[in-house]
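Quick note: the coordinates plus some simple rules give every number you see, no bench work behind them. Owing to the predicted nature of the structure, the values given are computational and were not obtained by experimental measurement. Every residue, glycine as well, gets a Cβ built from its backbone with ideal geometry; the counts of neighbours run over all protein chains shown.
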Amino acid sequence: MAEEKHHITSYKTYLLVLSLLIVFTLLSVAITQIELSRWAAAAALLVAGIKSTFVLMIFMHLKYDQRMFRVMVGLIVALVVVVIIITMLDFLFR
Amino acid sequence: MSVVHRDDIGSKLGMWLFIFTEILLFGGLFITYVVYRYLHQEAFHLASQELDVAIGTINTIILLISSATIAMSITAIQQKKKKLTLALIATTILLAIVFLVNKYFEWGAKFEHGIFPGSEYLDQLGFGDVLFFGLYFFMTGLHAFHIIIGIAVLGFMYYYVKTDRLTHDNFQLLENGGLYWHLVDLIWIFLFPLFYLIA
């Protein structure tokens, strides 16, 4: 019927993404244990951002879903980021 | 002739809208954390060293694997592999329970050291430590609460697949359950560096 064909992600893709996620996790632990002060914090959050993009796109299937879902998720993420930035600006320049 | 009305995209959209409210809920808590961290840098720095990085890393990897297994169950159900689907959902639930057991030991160790909300020991340490551990227990506790709900949700998915209510051409509910589980993983991806790593 009108049912669209559904993209089937292969097990291989999932396992590949999983190993990438584990490598990134260990990487962020390593970076912060060597202590690079402020940069380590930024790097750990950057790695978290990369990891969450993988989870959203592949595990949560956004890459293969209708464009509408990607746009909505993007807007919500942007909203949270903007609120955090505005709050921090308020504290830094008070 | 009976017609069963089904709207898979609408169903998924509803699930995503719920996930957005969850992101905003935890987003608000992250902002609270960032602000207090900025106001009490010294105390947050010292307090976060109390946390066990090893157990945090293990729990992160457990959640990542469980996220992959529930994602793979959706591939399995589309390939009409019912047994594999059930095995993958069961594995996810098992990993979720292991995560909670680790959490139990982690929190237990903190309690033994007299670190829990409202403890005398914590009061002596000062305001910054009270805030750090208050946020730690509340945010990881709220996350653990989501894990418990996730176990219940996935338990229903297991039952539905087993009784053929979810099949290769009707599995949106399993996908929605999977989305919820990935959200739990997603939140932990940010909780882990914020509390355990950035010292």
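Just a few scattered comments:
- Loop-resident chymotrypsin sites (Phe, Trp or Tyr not before Pro) (DSSP state other than H, G, I, E or B) in segment A:59-94 with no more than 11 further Cβ atoms inside 10 Å of their Cβ: A:93.
- 3J(HN,Hα) along segment B:7-19, derived from phi through the Karplus expression 6.51 cos²θ - 1.76 cosθ + 1.60 where θ = phi - 60°, amounts to 9, 5, 5, x, 5, 5, 4, x, 5, 5, 4, 5, 4 Hz, with x in place of Gly and Pro.
- Modelled FRET efficiency - R0 51 Å, residue A:67 with residue B:121, Cβ distances, 0.05 increments: 0.45
- Computed label-point distance, nm, for sites residue B:42 and residue B:24 using a 7 Å Cα→Cβ extension: 3.9 nm
- Only one residue of A:20, A:52, A:71 has its Cα farthest out toward the positive end of the dipole of segment A:17-94, where Lys and Arg carry +1 and Asp and Glu -1 on Cβ, and that residue is A:71.
- Segment A:9-62 - Debye-derived log10 I(q)/I(0), Cα point model, q = 0.23, 0.29, 0.31 Å⁻¹: -0.81, -1.06, -1.14
- Segment B:10-197, relative contact order [Cα under 8 Å, separation at least 6], %: 35 percent
- Across the protein assembly as shown, the volume of the C-alpha convex hull divided among the residues equals 135 Å³ per residue.
- Degrees, to the nearest 10: B:82-112 long Cα axis against longest axis of chain B: 10 degrees
- Principal-axis tilt of helix A:11-34 within chain A, Cα atoms, nearest 10 degrees: 0 degrees
- With all pairs of separate Cα atoms included, segment B:37-102 yields a Kirkwood hydrodynamic radius of 14.0 Å.
- Helical mean residue ellipticity (222 nm; -39500 (n - 2.57) per DSSP H run of 4+; nearest 500) of chain B: -28000 deg cm²/dmol
- Of the peptides B:51-61, A:10-20, B:187-197, the ranking by mean beta-carbon count within 10 Å, highest at the top, reads B:187-197, B:51-61, A:10-20.
- Residue by residue along B:78-87, Cβ atoms of other protein chains within 10 Å of the local Cβ number 1 on average.
- Using C-alpha pairs under 8 Å with a sequence gap of at least 6, the mean separation divided by the residue count of segment A:9-62 gives a relative contact order of 40 percent.
- Within segment B:60-104: backbone nitrogen closer than 20 Å to the residue B:167 label point (7 Å, Cα to C-beta): B:73-87
- Summarised in one figure, the compactness ratio Rg/Rh of chain A, Cα atoms and Kirkwood Rh, is 1.10.
- For residues of B:187-194, the mean tally of beta carbons on other chains within 10 Å: 6
- Set of aspartates and glutamates near residue B:12 by C-alpha distance (under 14 Å), chain-local residues within fewer than 8 positions excluded: A:65, B:175
- Once C-alpha pairs closer than 8 Å and six or more residues apart are averaged by separation and normalised to the residue number of chain A, the relative contact order reads 22 percent.
- Remark on chain B: ratio of C-alpha radius of gyration to 2.2 N^0.38 Å is 1.19.
- Full-extension gain in nm, residue B:113 to residue B:98, via 0.36 nm per residue minus C-alpha separation: 3.1 nm
- Distance in nm between pseudo-label sites at residue B:81 and residue A:15 (7 Å out along the Cβ direction from Cα): 1.0 nm
- Out-of-range pairs (alpha-carbon distance over 28 Å; input B:82/B:103; A:63/B:82; A:51/B:162; A:51/B:83): B:82/B:103; A:51/B:162; A:51/B:83
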